[in-house]
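One structure is given below, encoded as structure tokens.
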Amino acid sequence: MPVPLDEYPIHQLPLSLAYVGTGDRNFYDRCYFAAHDRTGDILLVTGLGVYPNLGVTDAYATVRRGDRQWAVRFSDALGDDRLRQRVGPYRVEVVEPLRRIRLACDGDAQGIGFDLTWDGAFPAVHEAQHVMRNGPRLSLDASRFAQLGTWTGVLRVGGDEITVDPATWVGARDRSWGLRPVGEPEPPGRPPEPGFAGFWWVYSQLRFDDYAIVLLAQEEPDGYRVHNDAMRIWGDGRREQLGWPEIDIRYRPGTRHPEGATIALTARGGKPVVLEIDTLTSIALHVGAGYGGDPEWSHGQWKGRDWASGSVYDLTDPAVAGRVPYGVIDHACRATCDEALGWGIFEHATIGRHDPSGFTGF
């Protein structure tokens, strides 16, 4: 049977848009949003995903205030109308494509509620396609666009109602789609040789008054870079490639927690562009938000119809703190570029060996 999207001239395969162009169970299509004020006191990360070949849709929101992290999760069967992005009390409304998005969550019973509107401050930009293999197996093949902007509305968490003012609240968003591990774990088959030794990753989205910068880098344990993309986006839509980021991260002594970073970029003609980043607060995406390594829930899992869950984590609890380093962590940050002041997200993971950082194991 046709679905509502079939009414639009957007087909790219000789299939109804009820189906995607691959039978791979790991196909996904997901949005991500981050919102924070400029004090570093509070950070919200939230998103919604669909998993067509698993028949599942889900959403999450997680908020960090001080040493506590709240998380809510919602899951349901995926319906036919993809224009209706909704899971239980959570919904995404595209008010103006690539410019304005409304997010609403009536999940107060689970711990978080909000009614927030995103306004893009700069055009959305498509990043380089990201491909990863685990031995001979394709583990990631994804496209993504990113955008920097501001937020307006109300956030409710921990019994408090917080006014979100665009004069002080900023953030980043992306949408990605393709293949990545989702749902219940698959049988691993023959393990790759010599096995997993380490993962190092930086993904930063920063906004300044006149431009935004989006950069990412992924390296193998010996420091060999397998993914690299860096660009500056101007308000009129111009894009400027910024070469090969040289990233020097300042870790808190005795930890893998990044307190700051110096990132050396290069504009056309060899002109240096230097970012100085200071991290503020952070959210571990694998503590309640369902990203890789979360022991409680992962994206795409079938949890039954109309499933909802909420948790509050004490980040000083050794049982929670001990698992925080073993996943991807989003840091709200303050940045300078030359004399310009900016804000955004510094996402980082360093697990296992990474020779340039001096990390020799787990």
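Assuming R0 = 51 Å, can you tell me the calculated FRET efficiency for the pair R91 and T360, based on Cβ-Cβ distance, to the nearest 0.05?
0.65
Taking the solvent-accessible surface of protein heavy atoms with a 1.4 Å probe, what is the per residue accessible area of the chain in Å²?
Here the residues of the chain average 46 Å² of exposed surface.
When only alpha-carbon atoms count, how far does the stretch 218-320 stretch along each of its three principal axes, as whole angstroms with the largest first?
Result for the stretch 218-320: principal-axis Cα extents of 55, 38, 29 Å.
Residues with beta-carbon under 14 Å from that of Y291, excluding Y291: net charge, scoring Lys, Arg +1 and Asp, Glu -1?
Charge balance near Y291 sits at -2.
Considering only protein heavy atoms and a 1.4 Å probe, what is the carbon-and-sulfur percentage of the accessible area of the chain?
It is 50 percent, rounded to a whole number.
Only one of the values [x] 12; [y] 16; [z] 20 was calculated from this structure for percent of Cα pairs over 37 Å apart; name its label.
Correct label is [y].
Within the stretch 1-54, report the chymotrypsin sites (Phe, Trp or Tyr not before Pro) that DSSP leaves as loop and that have at most 13 other Cβ atoms within 10 Å.
Y19
Need the full-extension length gain, A321 to T163, defined as separation in residues times 0.36 nm minus the C-alpha distance. One decimal, nm.
53.9 nm
List the trypsin sites (Lys or Arg not before Pro) within the stretch 262-309 that DSSP assigns to loop and that have no more than 10 neighbouring Cβ atoms inside 10 Å.
Sites meeting the loop and neighbour criteria: R305.
Going by Cα centres, the stretch 238-304 and the stretch 98-122 are how many Å apart?
First find each Cα centre; the distance between them is then 23 Å.
By how many nm would the segment from A18 to R102 lengthen if fully extended, with 0.36 nm per residue of separation less the alpha-carbon distance?
27.8 nm
The values are calculated or read from the model by the stated rules, or taken from the named source; none is laboratory data. Small disclaimer: the values here were computed from a predicted structure and weren't measured. Neighbour counts run over all protein chains shown; Cβ positions are idealised from the backbone, glycine included. Side chains are part of the model used for accessible areas, which takes the heavy atoms of the whole protein and leaves out ligands, DNA and RNA. Shrake-Rupley method; radii C 1.70, N 1.55, O 1.52, S 1.80 Å.
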